[in-house]
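Accompanying notes for the structure given below.
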Amino acid sequence: MTTATDILPDAIAEAPLIVAAYPMPLLRVDGVSKKFGAFTAVDGLSLDIQAGEFFALLGPSGCGKTTLLRMLAGFETPDAGKILLDGEDIAAVLPHQRPVNMMFQNYALFPHLSVRDNIAFGLKRAALPKPEIAARVAEMVALVKLGGLEKRKPDQLSGGQKQRVALARALARRPQLLLLDEPLAALDKKLREETQAELMELQRRLGTTFVIVTHDQDEAMTMADRIGVMKDGRLEQVATPRQLYEAPASRWIAGFVGDINLIEGEVTLQDAHRLTVAAAGAGMLTVAEPKAPLPSRAICLAIRPEKIRLSRRAPTSAGGLNSIEGVVTEVGYLGGLSVYKVQLDHGATLRVALANTNRLDVDAYGVGQKVVAWFAPDDCVVLPR
Amino acid sequence: MSARTIFTRPARRASVAPYIWMVLFFLVPFGFVLKISLSQTAIAQPPYLPLFGLTDGIAGLKAAFAALSLDSFWLLVSDNLYIASYGRSLVVALVSTALLLAIGYPIAYAMARLPRRWQGVAMMLVIVPFWTSFLIRIYAWINILQHDGLLNQILLALHIVSAPVVWLSTDSAMYLGIVYSYLPFMILPLYATLAKQDGALLEAAADLGASRLVAFWRVTFPLSLGGVGAGVLLCFIPIVGEFVIPDLLAGSDSMMIGQTLWLEFFTNKDWPVASALAIVLLALLIVPLLVYDRLQRRALEAR
Ligand SMILES: Nc1ncnc2c1ncn2[C@@H]1O[C@H](COP(=O)(O)OP(=O)(O)OP(=O)(O)O)[C@@H](O)[C@H]1O
Ligand SMILES: [Mg+2]
């Protein structure tokens, strides 16, 4: 095993010291904008990423994730704002001199080089001794499970294999900051989960800072310390996975991350940290008061399907709980969970997810079953409309 | 899947067309030339013997076959003139091709780096000279290079030289003419391979620590080798047999094989030797083709 200090000794060995000495993030993106013609791909975006952090960027297609990564790697020049790495503006640092590596969205493997030479490319540029290069390549090949394919050319590989070569090639140099643009998108579920675990393991072992772009929310939740959600070139919310899921900052975030029921309503009464809301199609509901003051009485209630319970009769300890009557109109069996669509008597439709805890569930709710849906006030998020 | 199963019947029939073409316009004429090269000169019309004909029946044909000989080929190896001509042709072709590659590669590279909408214009500029007859363009060069031609006038006006320089009838003039005439054949295949290269590869190279120069040598250049091979063959082979340019621009002290061939054919009326010259030339030119083919196949197998 070689250690991280073998390559780029200064960068990696000193990084923790610098962080300790100055309360400075490894990466600071400060008001960065990028325009393509009249179109603004990244719009005044600011972001701090700490050394050793695993940061995920989520967002719909075309929101500027790749553009942001390309600016970090040096392939695009920001039109405004600054990018600081280790406290230093890297605007003038050419891509090949940045201690940053990127795994490209379309892999960009060198077609004339074998798998081995693709992985070794960056190591040769770092002028490492030959045995060291061979050892590092072997380690990377083992890491991404490409054993036996070292001599193949990229066009003799499957999509997933290419992706793994690209990953190995970007990791081989053990950069301070590794940028990954949808690194696992072409892998099958099982391989993806294994690679996720290995990436996390590796990231912890090397202390490298990862910024990963992904479309897969579960992937972001599983791997990342923090997640930034982008929309139209801006960051809508930066938070830990739990915060993002349980306390979305806006109605858009709530709808984008995970599955959720959104019900519009009007605040009618506010006391003792409880709001009484006249919800459209769901009657009068009691919910917890949000920390931030609401701009108006018109609000939106957001509640996750798994936070709602169902029962045939109203729960006996109904004190403080919201219970609404309705009829099951659809049942979706997903293995571990079943998702029920409940048509409320007041008019709205709720999605409810229940764990399938019993194998022989003779008591499951069927379509047409009259049920009571109930949830605690704290399980509902109140968002401005 | 084999070719047999993927081609439909009409497609298979169409795929025979190139072979018919080859037989009609290459193999049959080649047979004539080969036969003439094995004949003897004669003061007759046509100027060689024997003639194949059916007038004397089978016996006549047999006699004609018996009269064929390798005399002309023996003459080629016994006379220094011919070997020198072949040698000069190869040297001229090698030097010219090297010059063409050295000049053509940067031009093709620059063209491929132009913004898309300018690439078409650049391509037109490379092709435009073809709209004027080749001969006229060479005569134009004679005009420029002659004693009181444009080049000497400019050099004198700029006081770079004090007396007119002799350009015409020198090897320099010939190389200039060859490079000028063949440059598009070098540029176009190079441009084609360079233009279709994925720009992301250079970004990946830069990302992995390669400076622009290193990225060029490790990525761009190796990936353009197919175009280099095509350009080199496209220039080298016709230059070996080039006749007009050396005849009009070079001196008369040494001849390329095309000139020797012309001499044998038109001045000496020695068709058999001229044909033998052509056949040996063909054999020589097949060598680089085979090498190229072998390399290509190896590159494909290595994939
Ligand atoms: N070179 C370019 N010229 C013009 N527009 C561009 C260019 N690169 C990106 N864009 C535009 O900028 C926007 C953001 O692109 P970007 O590639 O960053 O999206 P993304 O978030 O990575 O999307 P995806 O998830 O589909 O990869 C898109 O609307 C895209 O069309
Ligand atoms: Mg992208």
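So the values come out like this:
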read-out: Listing of strands (runs of 3 or more DSSP E) fully contained in segment A:250-308 that carry 3 or more residues being buried (at least 20 other Cβ atoms within 10 Å of the Cβ) and assigned by TED's automatic domain parsing to the domain that holds A:A239; value: none
read-out: Per-region count, segment A:44-69, residues over 12 Å from A:T214 (Cα atoms) and among the aromatic types (F, W, Y); value: 1
read-out: Segment A:85-111 - residue that is more than 14 Å from chain B (Cβ to nearest Cβ) and touching a residue at least 60 places away in the same chain (Cβ under 8 Å) and, of those, farthest from the chain's Cα centre (by Cα); value: A:G87
read-out: Residue that is farthest from ligand 2 (Cβ to nearest atom), among those in segment A:63-91 that are under 16 Å from A:G44 (Cα atoms) and among the charged types (D, E, K, R); value: A:K82
read-out: Segment A:23-42, subset within 16 Å of ligand 2 (Cβ to nearest atom) and within 14 Å of A:K82 (Cα to Cα), residue nearest to the other protein chains (Cβ to nearest Cβ); value: A:K34
read-out: Odd one out for A:T222, checked against (1) under 30 Å from A:R125 (Cα atoms); (2) more than 16 Å from ligand 1 (Cβ to nearest atom); value: (1)
read-out: Segment A:143-183: number of residues that are at positive phi and open to solvent by 20 Å² or more (accessible area, probe 1.4 Å); value: 3
read-out: Selected residue [closer than 30 Å to B:A274 by Cβ and either hydrophobic (A, V, I, L, M, F, W, C) or modelled with pLDDT of 95 or more (or both)] from B:I144, B:I138; value: B:I138
read-out: B:S254 vs. criteria within 14 Å of chain A (Cβ to nearest Cβ), hydroxyl-bearing (S, T, Y) and over 21 Å from B:I136 (Cβ atoms); value: no
read-out: Test: residue in segment A:106-124 that is outside the structural domain of A:L206 (by TED's automatic domain parsing), under 22 Å from A:F210 (Cα atoms), assigned to a loop (DSSP other than H, G, I, E, B) and open to solvent by less than 30 Å² (accessible area, probe 1.4 Å); value: yes
read-out: Entirely in segment A:126-213, the helices (runs of 4 or more DSSP H) that have 1 or more residues that are within 16 Å of ligand 1 (Cβ to nearest atom) and modelled with pLDDT under 95; value: A:159-172
read-out: Sole exception among (1) in contact (Cβ under 8 Å) with a residue 60 or more places away in the chain; (2) within 13 Å of ligand 1 (Cβ to nearest atom) for A:R70, by number; value: (1)
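Residue-by-condition table, conditions (1) modelled with pLDDT under 95; (2) farther than 26 Å from B:I127 by Cβ; (3) open to solvent by less than 20 Å² (accessible area, probe 1.4 Å); (4) within 14 Å of chain A (Cβ to nearest Cβ):
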| position | (1), (2), (3), (4) |
| --- | --- |
| B:L183 | no, no, no, no |
| B:M186 | no, no, yes, no |
| B:L190 | no, no, yes, no |
| B:A200 | yes, yes, yes, yes |
| B:R212 | yes, yes, no, yes |
| B:F216 | no, yes, no, yes |
| B:T220 | no, no, yes, yes |
| B:L225 | yes, no, no, yes |
| B:C235 | no, no, yes, no |
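The values are calculated or read from the model by the stated rules, or taken from the named source; none is laboratory data. The model shown is predicted, which means the values in this text are computed figures rather than measured ones. Cβ: placed from backbone, ideal geometry, glycine included. Neighbour counts: every protein chain shown. Note: areas computed on protein heavy atoms with side chains; ligands, DNA, RNA excluded. Shrake-Rupley method; radii C 1.70, N 1.55, O 1.52, S 1.80 Å.
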